[in-house]
Structure formats: C-alpha cells, structure tokens
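Following: one structure in structure tokens, then a few remarks.
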Amino acid sequence: MARYFIELSYKGTNYHGWQIQKNATGVQQLLNKALSLKIGSDTETVGSGRTDKGVHALQQFAHFDLSKRLNQEHLAFQLNRVLPNDIVVKRIFEVKPVAHARFDAVSRSYQYKINRSKNPFLFDTSYYRRGDLDLSLMNQAAELLKGTQDFESFSKVKTDVNHFRCTITRSEWIDQEDKINYYVTADRFLRGMVRTLVGTMLDIGTGKINLDDLRKIIESLDRQKAGRAVPAHGLYLTEVKYPSDIFINERP
C-alpha cells in the first residue's frame, strides 16, 4: 500500500470550507470525487486541517492511500481536467506509509488581507475596511500573542479539542500601500482563531481597547471577551510544513 500527499490550492468563495458536509459542498468532497473517478475506485483523502466557509488556501495538503504505484504528474494533470477552475492540484508526492497530512504537520501559516480602498476585483478575496488604524499598536498586540499560550478566548465555543494551547512563532502586521496584511504561524490553530485574533487587534488599532485589555482577554479564557471574528473572505491558509523525512524521493 502506497501513501501519497496532494498539494493543492483553492479559492474558497464557492465552498463551505474544506471538510465534507452533508448539506453543502466542501473542497474535500470534490477532490475525493475527482480522485475516485481518475483512479477507478472509491478514494478518500485526509486533509492537513479544515478551513471555514469562504476561506482560501494557497497551500493545502491531503493524503490518500493506493494499492499500486502511480504516475504522480499524470494524475495531477488528470485531476485538474475535472476539478473546477477554483481548485488546483499543484503536485502529488509519495510519502512514507505512516505519514499523516494532519498529525505530521509541524506548522501552519495564515495571512489575513485588509484592503483600504474599495476595489471590485478584491471584494471576495480581501476584507474592505475604511478608517485609520494604529498599525504600531497593532504590531505591539501581535507581539504579545507570540509564544505558547492558552487561546481559548479566540476559539469558537463548540469545538472538539483536548486543549486550547498553541505556540505562535510569527505574528506581525505589514503595511503595503492601500493594503495591510497580518501574518501568523503556529504549531496549531483553533477553529476561528485567526479571524478572532484579527478582529481583536483591529479593536486595538481603533482605540476601542488597549494592550492591557488584550492581556486580560487572553487570561479570561472567555470567547465573549474577545473581538468579533472578521469576515472569512480575507483569510488565506498560506503554508503547511512537514518534516523532510516523511517524503520519498522529493518534497514540496
């Protein structure tokens, strides 16, 4: 039995997230369908993690098993022929049989895009937000988020996890003319965490709350204390990293 990783990208606008759902279309559902069609037997994937409705992915991974070796490049080409234009398979890698797309990921990175000028070409891929923001204060807030902490205050209430501790290694805002982007990397993320972190830092940028308030929000472990979650269409899963030794012959 051989195991393969699929590297893919998707624009999340038309989907109810990555995960298969009963009454809505997820990216995973369409990928499984395309794989089953091209391989000739029912094939299921396991993703590196779920993304919410409307969230985009520049880099997502999923693994699947097959009883025979395959031509990875040819299968990627065949999958892209049948997948919608807003889902693209980049590459397929053979990995060790015990490799796991979710549990072996050592870090994940997200970017949140805010557009300060109304632009019809960005309305579903960037959060349009008017008004001044104190980016210096927001970066001080972003710095406070680094390290290992309990982020229960920024998680969706109904979530199936054993604990809420995450280790954030990158957290910063970058000003790019009429756009500002938040970049964050961690070993794991909770459901809704990045969007709530961004919403809370926007409250700091507008003076609604201060840095001491942020410290108190973290310590409270209470979702109601944090800011609102910003819209999903500005959020991108940008990178998922794995140990190099799980790949056979080549790695992403």
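Computed from the coordinates by the stated procedures, all read-outs in this text should not be read as laboratory data. Values in this document were obtained by computation on a predicted structure and should not be read as measured data. Virtual Cβ from ideal backbone geometry, glycine too; neighbours counted across all protein chains shown.
Overview of results
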quantity: Helical contribution to [θ] at 222 nm, DSSP H n ≥ 4, -39,500 (n - 2.57), averaged over the chain, rounded to 500; calculated: -7000 deg cm²/dmol
quantity: Rg(Cα)/(2.2 N^0.38 Å) for the stretch 12-156, N = residue count; calculated: 1.29
quantity: Top of 163, 233, 63 by mean-square fluctuation, Gaussian network on the chain, Cα under 10 Å; calculated: 163
quantity: FRET efficiency, 1/(1 + (r/R0)^6) with R0 41 Å, evaluated for residue 22 and residue 213 via beta carbons; calculated: 0.55
quantity: Near-label residues of the stretch 126-167 by backbone N, under 19 Å of a point 7 Å along Cα→Cβ of residue 117; calculated: 126-133
quantity: Sorted by Cβ density within 10 Å, fewest first, the residues 153, 109, 9; calculated: 9, 109, 153
quantity: The stretch 19-105: proportion of alpha-carbon pairs further apart than 23 angstrom, %; calculated: 18 percent
quantity: For 6, 248, order by how many other beta-carbon atoms lie within 10 Å, fewest first; calculated: 248, 6
quantity: Label-point separation, residue 148 to residue 106 (7 Å along Cα→Cβ), nm; calculated: 1.6 nm
quantity: Percent breakdown of C-alpha pair distances by 10 Å bin, ordered from the shortest bin, for the stretch 107-238; calculated: 13, 47, 33, 7, 0
quantity: Angle between the chain longest axis and helix 72-82 axis [Cα atoms, degrees, rounded to 10]; calculated: 70 degrees
quantity: Estimated dipole of the chain in Debye, rounded to 20 [Cβ of Lys and Arg +1, of Asp and Glu -1, Cα centre]; calculated: 600 debye
quantity: Two-decimal Rg to Rh for the chain - Kirkwood Rh, Cα set; calculated: 1.00
quantity: Charge dipole magnitude, Cβ of K and R +1, D and E -1 - the stretch 99-241, Cα centre, debye nearest 20; calculated: 440 debye
quantity: Helix 27-39 vs. the chain, principal-axis angle (Cα, 0 to 90°, nearest 10); calculated: 10 degrees
